[in-house]
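Notes for the one structure printed next.
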Amino acid sequence: MAVNEMDLLSEELPGWDLTEREVTWLWLFLESRESIQMDECQLNSQTMRNQIARALRRNPRVTRGLVRARDSELLPEEAFSWVEKNGRQPKWLAAQAGNKTGLRIRSSVFRTLTDREQLIALFDLWDRDFGQKESALKRLSDAWTEHARSDRIFSWFKDKDERTKCALAWSWLEKNKPRLTWRAEPFTKLTELLEFFDHSGASDEEKELYVDKIKRRWSTQKTREKAVEKKQYNFVLPLSVNAVLDKLAEEHQLSRTKVLEMLILGEEQHELYLPKQPSR
């Protein structure tokens, strides 16, 4: 809907731009701060605008208060320019803003907003003056920067085995930390894993501990997979040969098995020591 369209709301609030942000704020302000019952409707629809206009017409005191509140409480759009349109960041910020403001908005209109729009709506509706909101938003920006630094903890997941590692991580958490996975969607890639931990409440120390245990499980699993590809052979070597084998292993910092493996494969490739048998 075009802003400033001459409808009931534009008549009730002359001079207002009535952007979607302002209409959202008006609706939530009337519902939450003034406890005025509003019928469910689509965001910024003509029905919504008309409901707001009629509510204001019945409550002129509220209208006067709204003008003052808009000028003293709504931060300019530029204040939110650093917030991304979608992704992890606005989702985390909106959750943090909900905790900071203490607002629990149950309106279906609020639920239709994007995470970024929810963040802005929470700050708009928060009953604090301009300066307090500006300071709180700056602290929130700093908090996100600090929070994002913990992404380094999960750098091990970023390689060709990302999805397999994430599947293992989910399996481990589901078994060992069911409180974290309860009612959560399984993650299948690193971005989803990061978002999962954004809202897990786990400290950096706990995250590091979990990743360390998952890495150990991964190593154990890989060792077992490799063992399946090998077959054990039992044979007896003379003591003198055993001594030479031990010496070679020590000199080259290799296991006895690795020394034998390299010698056998080397002989197969270069044919230096074993005489060829005459063909029959």
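A short reminder: the numbers here are calculations on the coordinates, not readings from a lab. Quick caveat, the model's predicted, so the values are computed rather than measured. Please note: Cβ atoms are built from the backbone with ideal geometry, for glycine as well, and neighbour counts cover all protein chains shown.
Going by the alpha-carbon gyration tensor, a ≥ b ≥ c the square roots of its eigenvalues, is region 1-159 rounded (a/c under 1.5) or, if a/c is not under 1.5, prolate (a/b greater than b/c) versus oblate?
Working: a/c = 2.38, a/b = 2.00, b/c = 1.19.
Here region 1-159 falls in the prolate category.
Please find the FRET efficiency linking ALA249 to GLU77, where r is the Cβ-Cβ separation and R0 is fixed at 45 Å, and quote it to the nearest 0.05. Present the calculation step by step, with values, prior to reporting the outcome.
Details: r = 70 Å, r/R0 = 1.55.
That pair, ALA249 with GLU77, gives E of 0.05.
When the convex hull of the C-alpha atoms of the chain is computed, what volume per residue in Å³ does it have? Can you show the working numbers first?
On the way: hull volume 67.4 nm³, N = 280.
Expressed per residue, the convex hull around the Cα atoms of the chain is 241 Å³.
Loop only per DSSP, at most 16 neighbouring Cβ atoms within 10 Å: give me the GluC sites (Glu not before Pro) in region 237-280, ordered by residue number. Write out the running numbers ahead of the final one.
Values: sites: GLU250, GLU251, GLU261, GLU267, GLU268, GLU271; in loops: GLU271.
Sparse-neighbourhood loop GluC sites (Glu not before Pro): GLU271.
What chymotrypsin sites (Phe, Trp or Tyr not before Pro) does region 178-233 have in DSSP loop regions with at most 11 other beta carbons within 10 Å? Could you put the intermediate results ahead of the total?
Working: sites: TRP182, PHE187, PHE196, PHE197, TYR210, TRP218, TYR233; in loops: TRP182, PHE187, TYR233.
Hits after loop and neighbour filter: TRP182, TYR233.
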**Message:** Between LEU140, LEU254, LEU125, where does the largest GNM mean-square fluctuation fall for the chain, given springs only between Cα atoms within less than 10 Å?
**Reply:** LEU254
**Request:** Can you figure out the FRET efficiency of ARG57 with ARG33, using R₀ = 25 Å and their beta-carbon distance, to the nearest 0.05?
**Result:** 0.90
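Starting from the exponent 0.38 and prefactor 2.2 Å, build the expected Rg for region 159-280 from its residue count and divide its actual Cα Rg by it.
Working: Rg = 23.7 Å, N = 122, 2.2 N^0.38 = 13.7 Å.
Dividing the Cα radius of gyration by 2.2 N^0.38 Å gives 1.74.
What trypsin sites (Lys or Arg not before Pro) does region 145-196 have in DSSP loop regions with at most 10 other beta carbons within 10 Å?
Numbers: sites: ARG149, ARG152, LYS158, LYS160, ARG163, LYS165, LYS175, ARG179, ARG183, LYS189; in loops: LYS158, LYS160, ARG183, LYS189.
Filter output for region 145-196: LYS160, ARG183.
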**Fill in**
Here region 205-222 yields Karplus 3J(HN,Hα) values (6.51, -1.76, 1.60; θ = phi - 60°; whole Hz; Gly and Pro given as x) of 4, 5, 4, 4, 5, 4, 4, 4, 5, 5, 4, 5, 4, 4, 4, 4, 5, 5
**Request:** List the pair-distance distribution P(r) of region 158-228, using every Cα-Cα distance, as the percent of pairs falling in each 10 Å bin from 0 up to the bin containing the longest distance, rounded to whole percents.
**Result:** 19, 55, 22, 4
**Fill in**
By the Cα gyration tensor axes a ≥ b ≥ c (a/c under 1.5 gives rounded; else a/b larger than b/c gives prolate, otherwise oblate), the shape of region 81-216 is prolate
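With 15 Å as the cut-off, how large is the P(r) tail for region 1-74, expressed as percent of Cα-Cα pairs?
On the way: 1278 of 2701 pairs.
Summing the P(r) of region 1-74 above 15 Å gives 47 percent of all pairs.
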**Complete:** Taking the dipole of the chain about the Cα centre (Lys, Arg +1; Asp, Glu -1; charges at Cβ), the one of MET38, TRP92, GLN269 that reaches farthest to the positive side is GLN269
**Asked** At 222 nm, what helix-only mean residue ellipticity would the chain give, in deg cm²/dmol to the nearest 500, using -39500 (n - 2.57) for each DSSP H run of four or more?
**Response** -19000 deg cm²/dmol
**Complete:** Computed ³J(HN,Hα) along region 63-73: with the Karplus parameters 6.51/-1.76/1.60, θ = phi - 60°, integer Hz and x for glycine or proline, the list is 4, 4, x, 5, 4, 5, 5, 4, 6, 10, 10
**Request:** Set the Förster radius R0 to 51 Å, insert the Cβ-Cβ distance between ASP7 and SER150 as r into 1/(1 + (r/R0)^6), and round the FRET efficiency to 0.05.
**Result:** 0.60
**Prompt:** Looking at region 75-149 from every direction and averaging, what is the projected area of its Cα convex hull in nm²?
**Reply:** 4.7
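Taking 0.36 nm per intervening residue step and subtracting the Cα-Cα distance, what contour gain separates ALA167 from ARG217 on full extension?
Working: separation 50, 0.36 × 50 = 18.00 nm, distance 1.20 nm.
In short, 16.8 nm is gained.
Roughly how big is the chain's charge dipole about its Cα centre, with Cβ charges of +1 (Lys, Arg) and -1 (Asp, Glu), in debye to the nearest 20?
Details: 48 positive and 47 negative charges, 239 e Å.
Computed about the Cα centre, the dipole is about 1140 debye.
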